[in-house]
Structures are given as structure tokens and as C-alpha cells.
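Comments concern the structure below.
The values are calculated or read from the model by the stated rules, or taken from the named source; none is laboratory data. What you are looking at is a predicted structure, and each value in this text was computed from that prediction instead of being measured. Cβ coordinates were reconstructed from backbone atoms using ideal geometry, including for glycine residues, and neighbour counts include every protein chain displayed. The protein model used for the area step is the full one, side chains on, heavy atoms only, and it has no ligands, DNA or RNA in it. Shrake-Rupley method; radii C 1.70, N 1.55, O 1.52, S 1.80 Å.
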Amino acid sequence: PGYIEENKYIGSYILEQIISRPILEYADSKAVYAANSVPVELIAEALDIMFDIYSDADFDYDEPVFVRGNFLDRLRKLYPSIRRLAKSVDRRKDRELRDRIDLVVENLRGFVAYKASERKDRHP
């Protein structure tokens, strides 16, 4: 509690630099995933961190950072590209990574739905 500016800086950095930038570069390239071309493990871990940090609207930073920073819409827009990235990881060559990114995609879908309904449920 009380570290809203720090959370804003860290959350924005994670979303913009670790998740969005490589995902959007990958999506723009129309390339097929190649080992080391996209930091898939890092993106998966960063998304898990976002789920943990912004899991509850009761946190004092949720409204000023997640809501006002439009994180939900940004994550929603990234979903198709993240899903495409997951599908491009060859399960035969790296089953563990494919399973990991598939789980993150599933969790992202659920997280986006949860966060979209979270405030609606509180303020009918």
C-alpha cells in the first residue's frame, strides 16, 4: 500500500517493454516463431506477474494504475498476438515451453474476463 507511483512505473514497464514491444514486433514481422527470436518464457513470466499484481480491485493501486492506465484494454488487444505466438511454438520441439505459453494464454483470457466484470459486479 502507498506505492502507487512505483507500481505505475513497474507495471507500465512490464506491459510496454517486456510484453507489448516483443509481441508487437513479432506480430508485425509475420514471422514464425524461432528459438530465441521472441522471449516467449519472459513474456509468459511477465504476464503471470501482471495477473498476480493486478488480481484484485481492492488493491490501492488498481484504480490509479490498472484502470486509468487502460491496462485491461491493452491486454485485450494483445491477446490475439499472444495466442498466435503460442500456436507458433512447436510442441514437438519444446513441449514444456508450449504447455507453459498455452497455460498463460488461457489465464490471460480468464484474467481479461475477470477484470472486465470485477468493477461491474461492485457498482451495478
Label selected from (1) 15.6; (2) 19.0; (3) 15.1, the criterion being Kirkwood radius over Cα pairs in Å as computed here: (3)
Per DSSP H run of at least 4 residues, take -39500 (n - 2.57); add these up for the chain, divide by its residues and hand me the 222 nm value, nearest 500 deg cm²/dmol. -21000 deg cm²/dmol
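Express the carbon and sulfur contribution to the solvent-accessible surface of the stretch 30-117 as a percent, rounded to the nearest whole number, probe 1.4 angstrom. List each step's numbers first, then the result.
On the way: 2490 of 4930 Å².
Carbon and sulfur atoms account for 51 percent of the accessible area of the stretch 30-117.
Averaging sequence separations of C-alpha pairs under 8 Å and six or more residues apart, then dividing by the length of the chain, give the relative contact order as a whole percent. Mind dumping the intermediate values first?
On the way: 88 pairs, mean separation 39.2, N = 124.
Relative contact order for the chain comes out at 32 percent.
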Counting as exposed only chymotrypsin sites (Phe, Trp or Tyr not before Pro) in DSSP loop states with no more than 16 other Cβ atoms inside 10 Å, the longest exposed-site-free span of the chain is 60-124
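Would you mind finding the longest exposed-site-free stretch of the chain, with exposed trypsin sites (Lys or Arg not before Pro) meaning DSSP loop and at most 13 other Cβ atoms within 10 Å?
Numbers: sites that count: K30, R68, R91, R92, K93.
The answer is 31-67.
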